Structure formats: structure tokens, C-alpha cells
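> Handing you this structure, nothing more for now.
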Amino acid sequence: MDRIGVVGAGTMGRGVAQLFAEHGHEVVLVDTAEQALASARDGIATNVRLAPLLRPGTRPGSPEEVTGRIRFTTDLRSLRTADYVFEMVTEDWAVKRPLYGELDALCRPGVPFGVNTSAIPITRVAAATSRPEHVIGTHFMNPAPLKPTVEVIRGHHTSDDTVARTRALLEGVGRRQIVVADSPGFVTNRVAMLTVNEAMFLVHEQVAGADEVDRLFRECLGHAMGPLETADLIGLDTVLLSLQVLHEEFNDPKFRPCPLLRRLVEAGLLGRKTGRGFHSYASASATPSRSASASGGAHHG
Ligand code: NAD
């Protein structure tokens, strides 16, 4: 069974590490922040414990078994023996680019790099390595252990072999794949980020509060979550960074980030991960309270 490397133990990295460990893979989870690793270990153990409630019918094993398959470390060199590496660090090219240089030097030739970005083109990432044919977009959805399908992005140089290998690996952990060509934001986030941003403008302009916006999407349009709830789930910092990438890549003002989003990020109100964003949350996994924390309301998915 492939030994999996995951770089970044934030919202996405911990979910993907959990997913592979639950399916019996040995996983190395690397982060520069000890605190992120400690919180990832606790979060994974809690999620596995709650699995019978959240995912009836699944048997992921005990929290100890699952976390026991994950090595939590700040040492990037632990990835030397990995067979497949997923990169899940902050959505900032200044952070991702030097990391790819290091990964390229450390990992064995031919080891694929699965890129988990919200908007950065996969071809740009591949150009930061000497193995562009082995670089592929693996856009997991949040929360990764619960979402059945992964958006797979073929970069300009991605080989058929890398696509096939990635599909087989995802199949092995019960994930369907939808393969698309490379473009900033791919399919999902090119549409989703625009929707989220527009919902924020509605709150900013006081057309409706966050609660009202989200209820309209849930109750009138039948969406599982409203756009501001989704933004809170993603993390408002990640939404802002993603919109900035889209704005720069397309040079189109339709992607300009809403000023209210900037204000909440500057205020440290990042959504679920900090307990407050457009909505307030009693805990990281709680459903939103009905009192919105941003003037008017807020969220999306
Ligand atoms: P996050 O901010 O929650 O976590 C990022 C983690 O990366 C942090 O723990 C940070 O300490 C770590 N990190 C930063 N630089 C590092 C380095 N050089 N080496 C190791 N670790 C490093 O971010 P996230 O929400 O988990 O997003 C990760 C990536 O996935 C981003 O590119 C994001 O756009 C994308 N993504 C996010 C979502 C979502 O819903 N949050 C969904 C799909 C894709």
C-alpha cells in the first residue's frame, strides 16, 4: 500500500491524512507549526470517534488505530520515503513555490505531487519542479473524509500515467474523480468563489443579512449550505487568497474581493476555524448559530 505524504496540517491536510489512514495507509503529516500538528491529532481523533454519528455504516477503526498510522512531524525530510505526496499548505504562491523546490529535491524521482490549491493553476505549480509530468491537481472538498468526489486537474504536462495512478489511489479510498483541464479555480472554485463573493457584497450593501442570504439558498433553492456558511467552512482567509489569485490570473474585476471579507480577515474572524466569521460557532464542528457575527449575516460552500 502506498505510503502517503501530506504537507500542511490545516483544515484540508488533516482531513486527507485521516482519509488515507482510515483506509490503512501509512501517512506522514508535515507542518511547520507544532500547534497545527497537535490540533490535527486531536481533531482527527475526535472525528474518528464521531464517525458512527457523522458517517453511519462506516468503520474507520478506533481513534488510536487511525492516528497511530499517522506520523505527525515538522521534519520535511520524513517525506523521502513517500510514494505519493499531497501538498495542502496555505493558499499563497510565496509559500507554495519554495516548498515545491524542497519537495522536488527530497522526494524520489517519479513520486507524484497532488496539488491541493483552490485557484492556483497546476501548470504554474508544475513549473516550480523538475517533474511537471508527475504534478496533478487533486482538489479535495471540505471536509475530505465526508466528501465522495475529488476534482482532478490535468496540468499542461501531466502524464496519462500520473492521471491513472492518481485515479487508482483515490478509487482505493472510495473517492470518485472528475477530471478537468487546467484553469485558475478549475470548475468548482471559478464559480463558487464568485458566488461567495457576491453573497458577501449583498451583506456589505445591507440588502440582506447573512442569515437571510443563507436561508434563501437553503430554503428556497434547496442548497445544503448557504454561500456565507460555505465561506466560513472554507476559512475566510483562504477565500480571500483564492479571490486574489483569480483576480490576478484573469485580470477581471468581477473577482475583486468584497471589502467586508477583507475586514473580517483583518479582524481575525476567519469562520469556523476561529469560531466566528459571518456566523458564530460554539465549537469548530458546530452548526452555525442563528445570530450572525458580521453586520447582517454571512456564508457559502
Ligand atoms: P489552512 O490555513 O487551514 O492550513 C494551512 C497549513 O499549512 C497551516 O497549518 C500552516 O502551518 C501550514 N504550512 C504553511 N506553510 C507550510 C510549509 N512550508 N510547510 C508545511 N506546512 C506549512 O489552509 P487549508 O484550508 O487547509 O488549505 C490548504 C490548501 O487547500 C490551500 O491551497 C487551499 O486553497 C486549498 N483548499 C482549501 C479548502 C477549504 O475548504 N479550506 C478546500 C479545497 C482546497
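The values are calculated or read from the model by the stated rules, or taken from the named source; none is laboratory data. No experiment lies behind these values; they were computed from the predicted model shown. Please note: Cβ atoms are built from the backbone with ideal geometry, for glycine as well, and neighbour counts cover all protein chains shown. With ligands, DNA and RNA removed, areas are computed over all heavy atoms of the protein, side chains included. Shrake-Rupley method; radii C 1.70, N 1.55, O 1.52, S 1.80 Å.
> What dipole magnitude, in Debye to the nearest 20, does the range 188-274 give about its Cα centre under +1 on Lys/Arg Cβ and -1 on Asp/Glu Cβ?
120 debye
> Report, to the nearest whole %, how much of the accessible area of the range 1-149 belongs to carbon and sulfur atoms, 1.4 Å probe, protein only.
Solvent-exposed carbon and sulfur of the range 1-149 make up 52 percent of the total.
> With contacts defined as alpha carbon pairs under 8 Å and 6 or more residues apart, what's the relative contact order of the chain in percent?
14 percent.
> Calculate how steeply helix 236-250 sits against the longest principal axis of the alpha-carbon atoms of the chain, using the helix alpha-carbon long axis, and give the answer as 0 to 90 degrees to the nearest 10.
Here the helix axis deviates by roughly 80 degrees.
> Could you order the peptides 60-70, 270-280, 188-198 from most to least packed, using the average number of other C-beta atoms within 10 Å per residue?
Those peptides, ordered most packed to least, come out 270-280, 188-198, 60-70.
> Quick one: compute the contact order of the range 30-69, relative version, from alpha carbon pairs under 8 angstrom and 6+ residues apart, as a percent.
Value for the range 30-69: 35 percent.
> Would you mind working out the accessible area per residue for the chain, using a 1.4 Å probe, and quoting it in Å²?
44 Å²
> I would also like to ask the following. Of the peptides 121-127, 36-42, 169-175, how do they stack up when ordered by the mean number of other Cβ atoms within 10 Å, highest first?
121-127, 36-42, 169-175
> In deg cm²/dmol and to the nearest 500, what is the mean residue ellipticity at 222 nm of the chain if only DSSP H runs of at least 4 residues count, each as -39500 (n - 2.57), divided by the residue total?
For the chain, the value works out to -12000 deg cm²/dmol.
> Using amide H atoms built in the peptide plane, which far-off residues or other-chain residues are under 5 Å from Gln177 H to H?
Val150
> How large is ³J(HN,Hα), in whole Hz, for each residue of the range 120-128 in order, when computed from phi with the Karplus curve 6.51 cos²θ - 1.76 cosθ + 1.60 and θ = phi - 60°, using x for Gly and Pro?
Each residue's phi maps through the Karplus curve to give 5, x, 5, 5, 5, 5, 4, 5, 7 Hz.
> Please turn the phi angles of the range 101-112 into ³J(HN,Hα) values with the Karplus equation 6.51 cos²θ - 1.76 cosθ + 1.60 (θ = phi - 60°), one per residue in order, whole Hz, x for glycine and proline.
So the J values, rounded to whole Hz, are x, 5, 4, 4, 6, 7, 7, 4, x, x, 5, x.
> Would you mind computing, in nm to one decimal, how far apart the modelled labels at Ala127 and Arg262 are, each placed 7 Å from Cα along Cα→Cβ?
2.7 nm
> How high is the relative contact order of the range 4-181? Use alpha-carbon pairs under 8 Å, at least six apart in sequence, and give a whole percent.
21 percent
> Now a separate question. Ranked from the most accessible area to the least, with a 1.4 Å probe and all protein chains present, what is the order of Ile234, Ile153?
Ile234, Ile153
> What is the distance, in nm, between label points placed 7 Å from the Cα along the Cα-to-Cβ direction at Asp75 and at Thr32?
2.0 nm
> Show me, bin by bin at 10 Å from 0, the whole-percent P(r) of the range 4-181 based on Cα pairs.
Cα pair-distance distribution for the range 4-181, in percent: 10, 42, 37, 11, 1.
> Among Thr11, Leu54, Ser130, whose Cα sits farthest toward the positive end of the charge dipole of the range 4-181 (+1 at Cβ of Lys/Arg, -1 at Cβ of Asp/Glu, about the Cα centre)?
Leu54
> Something else about it: For the chain, find the longest principal axis of its Cα atoms and tell me its angle to the long axis of helix 11-22, 0 to 90°, nearest 10.
It is inclined by approximately 50 degrees.
> If you don't mind, another one. Need the list of aspartates and glutamates near Lys254 for cross-linking: C-alpha distance under 18 angstrom, and skip anything on the same chain fewer than eight residues off.
Within the straight-line limit of under 18 Å, Lys254 reaches these aspartates and glutamates: Glu198, Glu205.
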